[in-house]
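Working notes, structure below.
The values are calculated or read from the model by the stated rules, or taken from the named source; none is laboratory data. Just so we're clear, the structure is a prediction, and the values are computed from it rather than from any experiment. Neighbour counts are summed over all protein chains in view; Cβ atoms, including those assigned to glycine, are modelled from backbone coordinates with ideal geometry.
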Amino acid sequence: MTNLKANKDKTVLVVDDEVAVLEVVEAFVEQLGYNILLASSGHEALKASREYAGKVDLLLTDVIMPNMNGLELAETMVTDNPDVKVIFMSGCLQPAIDSRNTPRFENGFVKKPFSGKTLLTHVKKALNEMD
């Protein structure tokens, strides 16, 4: 059983350029009791992260977005906050994310569409909170 009160000190930043995906992911992640920040672009996500009073523990981002893709966002977020965990989401087959150049991004990839159970398992694993 997940301790929802303990999760309130963790923050997940969800980034996707599709509002429907943001809403679905928010509903799933909210079940775990985390603080949730939502952004519809990489630039909006960076602004939200930098203005947020706490720290972002997990970046859950779409890979393919206009202007700034998920990998560029993740690289900048890790520069700002080296402890942030990253999970990528995409409707495409797993995009080429060169692990030799991105060793910090080992936390996962979720292919859209995904089930709530799959997403929550990835989130809990990334935050080291598996039962």
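Some notes on this structure:
- Leading residue by the ranking (nearest to Ser90 (Cα to Cα)) among those in the stretch 38-62 that are surrounded by 21 or more Cβ atoms within 10 Å (Cβ to Cβ) and without any contact (Cβ under 8 Å) to a residue 60 or more places away in the chain: Asp62
- Residue list for the stretch 77-94, filter: surrounded by 17 or more Cβ atoms within 10 Å (Cβ to Cβ) and either among the acidic types (Asp, Glu) or out of contact with any strand residue (DSSP E or B) (no Cβ under 6 Å at 6 or more places or on another chain) (or both): Val78, Ser90
- The selection criterion, being farther than 17 Å from Lys112 by Cβ and either of a type in the set (Asp, Glu) or surrounded by 14 or more Cβ atoms within 10 Å (Cβ to Cβ) (or both), does not hold for Glu23.
- Residue in the stretch 107-114 that is surrounded by fewer than 16 Cβ atoms within 10 Å (Cβ to Cβ) and modelled with pLDDT of 90 or more present: no
- When residues of the stretch 68-82 are limited to those that are among the aliphatic types (A, V, I, L, M) and under 16 Å from Lys47 (Cβ atoms), the one farthest from the chain's Cα centre (by Cα): Met68
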